[in-house]
Each structure stands twice: as C-alpha cells, then as structure tokens.
Amino acid sequence: MKASISTVVIGLVVLLVVMSMSLFTVDQRQNVIVFRLGETVSVKTSPGLYWKVPLFDNVRYFDVRIQTLDSEEPEEFTTLEKKPVLVDSFVKWRVVDVKQYYISLRDSAGGAEEGARKRLMQTVNGSLREEFGKRTIRDVVSGERNKIMELMREKADQDARKIGVQVLDVRLKRVDFTQAVSDSVYGRMEAERKRVANEQRSLGFAEAEKIRADAEKQRSIIIAEAYRDAQRLKGDGDAKASAIYARAFQQSPEFYAFYRSLEAYRQSFKTKGDLLILEPGSEFFKYLRGPSGRGK
Amino acid sequence: MALNDPNWGKRGNDGPPDLDELWRRFNQKLNAVFGGKGGGAAPQTPGGRQIGGGLGLLIVLLLLVWLASGFYIVDAPQRGVVLRFGKYVETTDSGPRWHLPWPIESAEVVNVSGVRTAEIGYRNNVKSKVLKESLMITEDENIIDIQFAVQYVIKDAEDYLFNNRDSEKTVVHAAETAIREVVGKNKLDFLLQEGKAEIVADVQALMQEILDRYKTGIEVSRVTMQDARAPEQVQAAFADAVKAGQDRDRQKNEAQAYFNDVVPRARGAASRLIQEAEGYRQSVIANAEGEASRFRQIVAEYSKAPAVTRDRLYLDMMQQVLTNSSKIVVDQKAGGNLLYLPLDKLMQNSGSDAALKPAQPDASPPIGPVPDASSRSRDAFRSREREAR
C-alpha cells in the first residue's frame with residue numbers, strides 16, 4: 001500500500017513532535033520551574049530528562065551558577081577620620097531557591113536578574129557605608145579588611161536569602177583615595193623621602209668626617225711616637241759617643257786639651273778673612289829674630 | 001524478473017550488494033509488515049514506490065548524519081565534558097571521540113593545559129599602564145604603583161564549566177582583590193625592596209584560596225610582580241633618596257681612601273725618622289770610636305817623645321793658621337806712638353781674597369782661576385814661594 005511508507009514517516013514525525021513537547025532537559029548549570037496554567041507545579045534542581053504535559057505546562061530556566069555583581073563605578077564612602085575613600089567591590093552570588101527567586105523578582109523592571117542585582121547592590125553599599133564609617137583608613141586597608149568583607153557577606157546573605165539568593169562573597173576590589181586626598185598623600189610621601197635623603201647625606205658626611213679625623217689622629221700618634229723613639233736613639237748614640245770620647249780623652253786630659261786646641265785654632269783661622277795681629281816677641285817668632293833664638 | 005522470483009536478490013558474483021537492491025529488500029519487508037494483509041504479492045504502482053523509496057532514502061541519510069554529529073575531537077591540551085540530557089556524565093581524554101548525538105548527549109571541549117595570563121595594572125607591556133588598577137594603598141597609607149602578571153590553567157574541566165558563569169572575569173577579580181589585600185597589609189619600603197618574593201607567594205596563596213572557594217576549577221600556576229615603584233608624582237623624590245644612599249656610601253669610601261693614604265704615609269715617615277735616628281746613632285758612635293782610636297794612637301806616640309811631638313804639632317798648626325789667614329806683625333814695645341792700621345781696607349782686600357780663594361784647612365795650594373789684582377798676586381806668589389820651600 002502506498003500509504004504504508006508515508007504512514008510510517010508521518011507516524012515518526014508525530015512521535016517526535018509529541019516527544020519534544022512533553023520532554024525537557026535540565027542542564028547541570030540550571031534549575032527549572034514547571035508552570036501549569038500560571039501556577040508553579042514543581043521545581044527541578046537535578047540535571048536530567050523530565051516529563052511535562054504538552055501544551056499546558058510551561059518551563060522556565062534559571063542559571064544557578066555563581067555570578068558576579070560588579071559595580072561599574074567606585075562608590076565614595078567616608079571613614080571614621082572623615083576621610084573620603086573610593087571603594088570598588090564585587091559580590092559573588094547565586095540563585096539557590098528558584099521558586100523564591102522567581103516569586104520575589106518576577107515583577108522587577110529589567111527582569112529578575114536585574115532586580116536581584118539592584119537589591120544586592122543596595123544592601124551591600126548600605127552596609128559598606130556603615131562599616132567604613134566606623135573605621136579608619138588603616139583598618140579598612142589592612143587590619144580589618146577581612147573582617148569587613150565577612151560582615152558584608154553575612155549581612156548581604158541574610159537579606160539575599162529572602163529572595164532565594166545565596167551570597168558567597170563580598171570582596172573589596174579597590175580602596176583608593178580621592179584625588180584631593182591623593183595629592184596630599186603624595187606631598188607627604190615626597191616630604192618624607194626628602195627627609196630620608198637628607199638624613200642619609202648627613203650620616204654620610206658624619207661618618208666620613210669620623211674616618212678622616214681618625215686618620216689624622218693616627219697619623220699624629222704614629223709620627224709623635226716615631227719622633228720620640230728617634231730622639232731616644234739619637235740620645236743613646238750621643239751618650240755612647242760621649243762615653244767613648246771621655247774614656248779615650250781621660251787617659252791624658254792635658255794632651256787632649258793641647259791637641260784639641262790646636263785643631264780649634266786651625267779651624268778658626270783658615271781664610272784670608274781672618275785677621276791676626278801678632279807680636280814679634282812671641283815664642284813662635286823666636287828664630288825670626290835671630291838664628292840662635294835670642295834677641296828681641 | 002518479478003518481485004516474488006526466488007532468484008531475486010541473488011547475484012552471479014560475490015560483489016557488495018548495491019543500495020538499490022538493499023532498499024528494495026527493506027521495502028519488501030516493510031510491505032510484508034504493513035501491507036501483507038492487503039495482498040503483498042500485488043505489485044505497487046511505480047510512482048508510489050518511487051516516492052516512498054526517495055523519502056526512505058532521505059530518512060536514512062538524515063539518520064546517518066544525525067549519528068555522525070556525535071563525533072568530536074579532543075586535542076592534546078583539552079578535555080571533553082559530556083552531558084547526557086543536561087546531566088554530567090564523564091570527562092574524556094584527548095583523541096577522537098563520539099557521543100550520542102543531541103538531544104541525547106552533548107560535549108563541550110575545554111582547554112585545560114593552555115596557560116592563560118591575567119594582567120593587572122598594565123596591558124601587553126609594562127609601559128602601557130592602567131593607573132586605576134596599578135595604584136594601591138599600602139599599610140602605612142602610602143600609594144604604590146605596582147603591576148602583576150598572573151598565569152593560570154584549568155585543573156578541573158567539570159568545575160570550570162558548571163560552577164561559575166564568568167570564570168575568566170572571576171580570575172581577574174580574584175587577582176585584584178588578593179593583590180590589593182596583600183599590598184594593603186605591607187609597608188611601602190618592604191614592597192619596594194626586600195618583600196618581592198614573599199608578596200608574590202602571599203598573593204598566589206590568597207588567590208588560590210578565593211578561586212577554590214568558588215570552585216572555579218582553576219589553578220594559579222604563577223604570579224610575577226612585573227614592576228613596583230613609587231607613583232609618577234613622587235618618583236623624583238624617591239630617586240633622590242636612593243641617590244642619597246649612594247652618596248653616603250661614596251662619602252664613606254672617599255674618607256676611607258683618605259685614611260688609607262694618610263696612615264701608611266705616616267707610617268712611612270715614622271719609619272724614616274727612626275731609620276735616620278738609627279743612622280745618626282751609628283755614625284756618631286762610629287765617629288767617636290774613630291776619633292777615640294786616633295787620639296789613643298797619637299797619645300801612644302806622644303808619650304814616647306812628648307817634647308818633640310808637642311813642638312812639632314804646635315809648629316804645624318801655626319804654619320797652617322798663619323798661611324791661611326791675614327796677619328799683621330806689630331812691635332808695640334818699639335814706639336809709644338799711635339799706630340794707625342787701615343783695618344777696613346785690609347779686611348776688604350782679604351775679604352775679596354777669601355771669596356775668590358776657598359780656604360783649605362790642610363794648606364793645599366788654591367785651585368781655580370786667579371783674577372788680576374796686584375796685592376793678591378803678590379800674596380799668591382809669596383804663598384807659592386813658601387810652598388816651594
């Protein structure tokens with residue numbers, strides 16, 4: 001029968017259509033709510049293949065992976081010291097109760113997700129403002145950073161559960177000074193560096209002077225000591241020489257006096273510039289007066 | 001040959017059955033199931049059969065194509081994640097793979113070993129900074145300009161796909177928050193100088209903790225600090241401080257060099273002083289000994305003939321003295337008149353003589369040119385005469 005092939009084919013097609021209208025898959029990354037005529041019938045949280053009544057049942061998908069809420073522009077908060085800071089934070093959240101989520105946010109402008117974002121943002125900013133106002137910049141940047149983030153997370157999570165959302169993390173991405181405060185910080189940093197530079201230079205000068213002074217002190221000491229030792233040596237030499245002379249000359253003091261005087265006369269009168277006025281009657285001229293040495 | 005011929009379908013040779021014949025057999029069987037009651041022996045109209053055959057062929061082709069769509073290739077650095085009706089089933093290794101085609105199964109291929117880099121504070125190279133990202137507050141409320149590069153790989157394809165919506169952005173966020181937290185806990189000087197290794201390790205640990213908390217399936221393989229410096233506005237002051245440190249060292253070195261010059265020199269001078277003194281001492285003693293010895297020897301000779309020796313010595317001395325000096329013999333006893341001696345003139349003459357004739361203590365003849373002056377030549381003649389004698 002020619003109807004048989006076509007029947008088979010048509011039958012297959014109809015089967016496929018019916019199947020596609022009564023089966024649906026839930027992906028690992030999604031949760032699903034099944035509606036019948038506007039009312040929620042069931043919620044599917046495990047992935048797999050499920051049945052529904054074709055035509056009457058409506059299926060809505062929700063991405064339940066962790067999402068990031070990131071504020072585009074940093075918010076300005078004031079710290080305990082009345083200093084303004086720019087804070088950029090992000091929130092890690094996900095849908096955990098799709099039914100609650102849908103019910104709370106189905107009427108939000110821009111859709112459920114947008115609604116969730118707005119609400120989370122408000123909550124987080126509100127509590128950030130509060131926490132920052134209680135603390136100094138140093139606490140916020142360093143000491144109590146973790147504590148603040150954990151507090152944020154708890155508060156946000158508490159609120160978020162009401163709309164079927166879990167907040168996993170609220171983290172401070174950036175905490176920065178405003179422009180005005182930055183400028184004054186730069187001024188302070190510059191001044192502090194200048195102080196360090198001056199200190200270094202002064203220290204260097206002082207240390208150098210110390211070394212130089214030490215060098216000169218050592219020089220004086222070395223030379224003085226050497227002078228002392230030299231004088232001692234010279235004195236020793238002189239003393240010994242004197243002793244030698246004395247020992248030798250003591251043997252015949254009179255002859256020494258004679259001998260030494262002769263030498264003295266020799267040395268004293270040795271140039272034409274030395275003038276002697278002599279008497280012819282002296283002993284020296286004895287034989288000048290006469291061959292026998294007599295006469296005047 | 002009719003359809004119900006028993007030889008239908010048999011061939012003379014053992015070639016592969018052709019498609020047409022296969023199709024006809026298939027059709028026959030279908031007819032047997034669906035149209036057997038209606039008298040399967042009755043041949044169909046050629047038109048209907050043709051349409052049926054064409055449609056069937058199309059369906060088989062579609063079926064094959066559909067099955068073939070289940071093929072996929074997983075490259076060496078990749079892994080394939082297979083979902084059945086949306087549910088995770090397995091992770092496949094590299095190589096050619098097949099899964100039951102959609103909508104039954106689907107596969108997503110993820111690059112796991114490929115290293116990706118997240119840049120914080122700059123793009124592409126360190127010169128093109130992103131100041132919003134790179135300027136951070138330190139523990140001592142200073143501002144630092146710091147840039148990081150983070151390298152990461154996917155360690156778990158399953159986690160990577162199913163837990164986070166925007167994994168790449170998550171890495172960047174985690175990096176920024178971790179870096180800022182670590183920088184915020186340390187002082188500026190530490191960050192600029194000794195702290196690099198510790199900072200990088202802290203950042204890596206913190207980032208990994210955050211990423212694991214979100215079960216991203218990502219592993220941070222390496223964190224490097226690309227650049228860390230004071231912000232532009234204060235660069236000059238910072239550079240000067242560094243230079244000041246260098247100046248300090250330089251001054252110390254210069255002073256040390258001075259020290260190393262002065263002290264050894266002083267030691268040298270000291271040594272010289274002592275050596276000179278020693279030399280003096282030795283020579284004075286030696287002189288004394290020499291003189292003493294000479295004297296002793298003369299005394300020995302003198303004691304053998306004292307009177308004669310005495311006279312001899314005396315006369316030698318007188319000769320030498322009178323030879324070398326100017327003399328005037330005046331007889332005072334002869335007259336009581338006042339004697340005028342032009343001593344100035346005498347001194348002058350003798351003075352110039354003395355200047356030109358250097359005195360020799362041992363009465364050796366004067367050497368050197370003798371200029372023209374009558375008195376002097378007379379003197380010279382006389383002294384030479386005396387020498388000749």
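The values are calculated or read from the model by the stated rules, or taken from the named source; none is laboratory data. Quick caveat, the model's predicted, so the values are computed rather than measured. Methodologically, a virtual Cβ is constructed for each residue, glycine included, from the backbone with ideal geometry; neighbour enumeration extends over all protein chains shown.
Here is a list: B:VAL200, B:VAL220. Which entry is outside any helix (DSSP H, G or I), more than 7 Å from chain A (Cβ to nearest Cβ), surrounded by 14 or more Cβ atoms within 10 Å (Cβ to Cβ) and modelled with pLDDT of 90 or more? Can you show your working first?
Numbers: B:VAL200 fails: outside any helix (DSSP H, G or I).
Unique residue meeting the criteria: B:VAL220.
What single numbered condition from (1) away from chain A (no Cβ under 13 Å); (2) of a type outside the set (D, E, K, R); (3) over 18 Å from B:ASP140 (Cα atoms); (4) touching a helix residue (DSSP H, G or I) at 6+ places or on another chain (Cβ under 9 Å) fails to hold for B:GLY195?
Answer for B:GLY195: the failing condition is (3).
Does any residue of segment A:125-144 turn out to be more than 28 Å from B:VAL183 (Cβ to Cβ), in a helix (DSSP H, G or I) and in contact with a strand residue (DSSP E or B) (Cβ under 9 Å, 6 or more places away or on another chain)? Outline the logic, then answer.
Filtering segment A:125-144 down to residues more than 28 Å from B:VAL183 (Cβ to Cβ) leaves none.
No, every residue in segment A:125-144 fails to be more than 28 Å from B:VAL183 (Cβ to Cβ), in a helix (DSSP H, G or I) and in contact with a strand residue (DSSP E or B) (Cβ under 9 Å, 6 or more places away or on another chain).
Examine segment A:154-172 for a residue that is basic (Lys, Arg), outside any helix (DSSP H, G or I) and facing another protein chain (nearest Cβ under 10 Å), and state whether such a residue exists.
Residues of segment A:154-172 that are basic (Lys, Arg), as a first pass: A:155, A:161-162, A:171.
From what is left, the residues that are outside any helix (DSSP H, G or I) are A:162, A:171.
Cutting the leftovers down to facing another protein chain (nearest Cβ under 10 Å) gives us A:171.
Yes, there is a match, as at least one residue in segment A:154-172 is basic (Lys, Arg), outside any helix (DSSP H, G or I) and facing another protein chain (nearest Cβ under 10 Å).
Are there any pairs with C-beta distances below 6 angstrom linking a residue in segment A:163-177 that is at positive phi to a residue that is at pLDDT below 90 and assigned to a loop (DSSP other than H, G, I, E, B), with the two at least 6 apart or on different chains, and if so which?
Here the result reads A:GLY164/A:ASP97, each pair linking segment A:163-177 to a residue that is at pLDDT below 90 and assigned to a loop (DSSP other than H, G, I, E, B).
Out of the residues in segment A:264-282 that are under 30 Å from A:TYR245 (Cβ atoms) and exposed (fewer than 13 other Cβ atoms within 10 Å of the Cβ), which is modelled with the highest pLDDT? Before you say what the answer is, go through the steps one by one.
Restricting attention to segment A:264-282, the residues satisfying the condition of being under 30 Å from A:TYR245 (Cβ atoms) are A:264-271, A:274, A:276.
Imposing the further condition that a residue be exposed (fewer than 13 other Cβ atoms within 10 Å of the Cβ) reduces the set to A:264, A:267-268, A:276.
Details: A:ALA264: 91, A:GLN267: 88, A:SER268: 88, A:LEU276: 83.
Within segment A:264-282, the match that is modelled with the highest pLDDT is A:ALA264.
Among (1) more than 30 Å from B:THR170 (Cβ to Cβ); (2) modelled with pLDDT of 85 or more; (3) surrounded by fewer than 14 Cβ atoms within 10 Å (Cβ to Cβ), which single condition is A:ILE10 missing?
Here A:ILE10 meets the rest and fails (2).
Is it true that some residue in segment B:147-161 is at the interface with chain A (Cβ under 10 Å from one of its Cβ atoms) and modelled with pLDDT under 90? Walk me through it before giving the result.
Within segment B:147-161, the first condition is being at the interface with chain A (Cβ under 10 Å from one of its Cβ atoms), and the residues that meet it are B:158, B:161.
Still in the running and modelled with pLDDT under 90: B:158, B:161.
Checking segment B:147-161: at least one residue is at the interface with chain A (Cβ under 10 Å from one of its Cβ atoms) and modelled with pLDDT under 90.
Limited to segment A:255-296, what total is found for residues that are facing chain B (nearest Cβ under 10 Å) and part of a helix (DSSP H, G or I)? Steps first, answer last, please.
Of the residues in segment A:255-296, the ones facing chain B (nearest Cβ under 10 Å) are A:255-256, A:258-285, A:288, A:296.
Next cut, part of a helix (DSSP H, G or I) only: A:255-256, A:258-268, A:283-285, A:288.
Residues meeting the conditions: 17.
Checking the conditions here, which among A:ALA226, A:ALA239 is surrounded by fewer than 15 Cβ atoms within 10 Å (Cβ to Cβ), among the aliphatic types (A, V, I, L, M) and facing another protein chain (nearest Cβ under 10 Å)? Outline the logic, then answer.
Details: A:ALA226 fails: surrounded by fewer than 15 Cβ atoms within 10 Å (Cβ to Cβ).
Checking each option against the conditions leaves just A:ALA239.
Pairs please, first residue from segment B:196-217 and over 22 Å from B:VAL112 (Cβ atoms), second anywhere and hydroxyl-bearing (Ser, Thr, Tyr) and surrounded by fewer than 19 Cβ atoms within 10 Å (Cβ to Cβ), Cβ atoms under 8 Å, 6+ apart in sequence or on different chains.
B:VAL200/B:THR224
Could you look through segment B:134-159, keep only residues that are of a type in the set (Ser, Thr, Tyr) and in contact (Cβ under 8 Å) with a residue 40 or more places away in the chain, and pick out the one that is surrounded by the most Cβ atoms within 10 Å (Cβ to Cβ)? Let's see the steps before the verdict.
Taking segment B:134-159 first, the residues of a type in the set (Ser, Thr, Tyr) are B:134, B:138, B:152.
Keeping just the survivors that are in contact (Cβ under 8 Å) with a residue 40 or more places away in the chain gives B:138, B:152.
Working: B:THR138: 21, B:TYR152: 24.
Taking the candidates together, the pick is B:TYR152.
So, restricting to strands (runs of 3 or more DSSP E) that lie completely within segment A:1-78, which ones have at least 2 residues that are within 25 Å of B:ARG165 (Cβ to Cβ)? Full working, then the answer.
Working: elements: A:23-26, A:30-36, A:39-44, A:48-51, A:57-63, A:67-70, A:75-78.
Filter on segment A:1-78 gives A:23-26, A:30-36, A:39-44, A:48-51, A:57-63, A:67-70.
Inside segment B:177-197, can you point out the residues that are within 22 Å of B:VAL153 (Cα to Cα) and surrounded by fewer than 19 Cβ atoms within 10 Å (Cβ to Cβ)?
Of everything in segment B:177-197, just one residue is within 22 Å of B:VAL153 (Cα to Cα) and surrounded by fewer than 19 Cβ atoms within 10 Å (Cβ to Cβ), namely B:ALA197.
Scan A:LEU80, A:LEU86 and give me the residue that is in contact with a helix residue (DSSP H, G or I) (Cβ under 7 Å, 6 or more places away or on another chain), within 14 Å of chain B (Cβ to nearest Cβ) and under 30 Å from A:ASN125 (Cβ atoms).
Details: A:LEU86 fails: in contact with a helix residue (DSSP H, G or I) (Cβ under 7 Å, 6 or more places away or on another chain).
The match here is A:LEU80.
Taking A:PHE90, is it in contact with a strand residue (DSSP E or B) (Cβ under 6 Å, 6 or more places away or on another chain) and within 25 Å of B:VAL171 (Cα to Cα)?
Details: in contact with a strand residue (DSSP E or B) (Cβ under 6 Å, 6 or more places away or on another chain): yes; within 25 Å of B:VAL171 (Cα to Cα): yes.
Taking the combined requirement at face value, the residue satisfies it.
What is the one condition in (1) of a type in the set (Val, Ile, Thr); (2) surrounded by 12 or more Cβ atoms within 10 Å (Cβ to Cβ); (3) at pLDDT below 80 that B:VAL60 does not satisfy?
Exception for B:VAL60: condition (3).
Could you tell me which numbered condition A:MET121 fails, if it satisfies all but one of (1) within 14 Å of chain B (Cβ to nearest Cβ); (2) not in a strand (DSSP E or B)?
(1)
For segment B:154-181: of the residues being outside any helix (DSSP H, G or I) and within 10 Å of B:GLY217 (Cβ to Cβ), which is farthest from the chain's Cα centre (by Cα)? Step through it out loud before you land on a result.
The initial filter retains those residues of segment B:154-181 that are outside any helix (DSSP H, G or I), namely B:154-156, B:163-166.
Add one more test, that the residue is within 10 Å of B:GLY217 (Cβ to Cβ), and what stays is B:154-156, B:163-164.
Details: B:ILE154: 35, B:LYS155: 36, B:ASP156: 40, B:ASN163: 46, B:ASN164: 44 Å.
Applying the filter and picking the extreme gives B:ASN163.
Out of the residues in segment B:250-270 that are of a type outside the set (A, V, I, L, M) and more than 7 Å from chain A (Cβ to nearest Cβ), which is farthest from B:ILE143 (Cα to Cα)? Don't jump to the end; show me each part of the working.
Taking segment B:250-270 and keeping what is of a type outside the set (A, V, I, L, M), we get B:250-254, B:256, B:258-261, B:264-265, B:267-268.
From what's left, more than 7 Å from chain A (Cβ to nearest Cβ): B:250, B:253, B:260-261, B:264-265, B:268.
Values: B:ARG250: 30, B:ASN253: 34, B:ASN260: 44, B:ASP261: 46, B:PRO264: 51, B:ARG265: 52, B:GLY268: 57 Å.
Ranking the candidates gives B:GLY268 first.
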